[in-house]
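Please read the structure below before turning to the comments.
The values are calculated or read from the model by the stated rules, or taken from the named source; none is laboratory data. In this text, all values refer to a predicted model and were calculated from it rather than measured experimentally. Cβ coordinates were reconstructed from backbone atoms using ideal geometry, including for glycine residues, and neighbour counts include every protein chain displayed.
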Amino acid sequence: MADPRPLLTVLFVTYLLLLAWIILWKLEPPYIGAAAGLPRPLKLVPFVSTEDDGASTPLELLVNLALFVPFGAYLGLLLPGALGSKVWPAAIILSASSLILEVTQHLLSIGSFDTTDVIVNTAGGMLGFGLLVMIRRRLGPATAPVMVRALTIGTALAVAAVVIVIASPRLCAIHPRTT
C-alpha cells in the first residue's frame with residue numbers, strides 16, 4: 001500500500017471540521033452569541049448540576065464519548081513515531097484539543113464551558129487510541145490499510161449522516177430547525 005498519510009490527513013481534517021461544527025454549532029450555521037466576551041458561568045465541577053446548568057444526560061455523555069473515538073485513532077495513525085503506544089502524550093493532545101473546543105464555545109457564547117465535556121471527550125479519544133494500539137498489536141503491518149479503510153468508511157458515513165440531517169430536519173429530531 002502507498003503511503004496512507006495524505007489520505008489520512010484529508011480524512012482527519014474532514015473529521016475535525018465535522019467535529020468542530022457538531023460540538024460548537026450543533027449542525028447549525030456558524031454564529032457568535034450575543035454574550036460573547038461577557039462574563040458567563042463556567043461549570044468547573046464535573047458530572048453534577050449547578051444553579052446555572054444541569055448535569056449532562058447519559059445520552060450527551062455517550063455522544064461526546066463516541067464523537068471523540070475517531071480522534072484517538074487518527075492521532076495514533078498520523079503520529080505513530082511520536083506516540084507509538086504512549087498514553088500520556090496522547091492524553092495531553094486529546095485533552096488540550098477538547099479544552100480548546102470548550103473555551104472556544106464559551107468565548108463565542110455558543111455554549112457553556114463544562115469540565116464534564118473535557119473529561120468525557122478525552123476518554124473517548126483515549127478509547128480510540130487504545131483500540132488502535134490493540135489492533136496494531138493484533139494486525140501488525142496490516143493495521144494501516146485496515147484502519148484507513150475503516151476510517152474512510154466512517155468519515156463517509158458521518159458526512160452522509162450530516163447531509164441527511166441538514167436535508168431533512170423534520171425526519172431528524174436531533175436537528176430541530178424552523179423553516
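If Ser95 satisfies all but one of (1) touching a residue at least 40 places away in the same chain (Cβ under 8 Å); (2) buried (at least 16 other Cβ atoms within 10 Å of the Cβ), what's the number of the condition it fails?
Going through (1) touching a residue at least 40 places away in the same chain (Cβ under 8 Å); (2) buried (at least 16 other Cβ atoms within 10 Å of the Cβ) one by one, Ser95 breaks only (1).
Can you pull out the residues in segment 1-44 that are more than 21 Å from the chain's Cα centre (by Cα) and among the basic types (Lys, Arg)?
Arg40
So Ala96 ticks every box in (1) at pLDDT below 95; (2) more than 21 Å from Gly154 (Cα to Cα) but one. Which box is left unticked?
So the condition that Ala96 fails would be (1).
Regarding segment 7-26, can at least one residue be identified that is in contact with a His (Cβ under 9 Å, 6 or more places away or on another chain), surrounded by 14 or more Cβ atoms within 10 Å (Cβ to Cβ) and closer than 22 Å to Ala158 by Cα?
no
Just to be sure, is Asp52 of a type in the set (D, E, K, R) and surrounded by 12 or more Cβ atoms within 10 Å (Cβ to Cβ)?
No: the conditions fail for Asp52.
Condition (residue is more than 30 Å from Thr143 (Cα to Cα), among the aliphatic types (A, V, I, L, M) and out of contact with any Cys (no Cβ under 9 Å at 6 or more places or on another chain)) applied to segment 50-70: is it met by at least one residue?
yes
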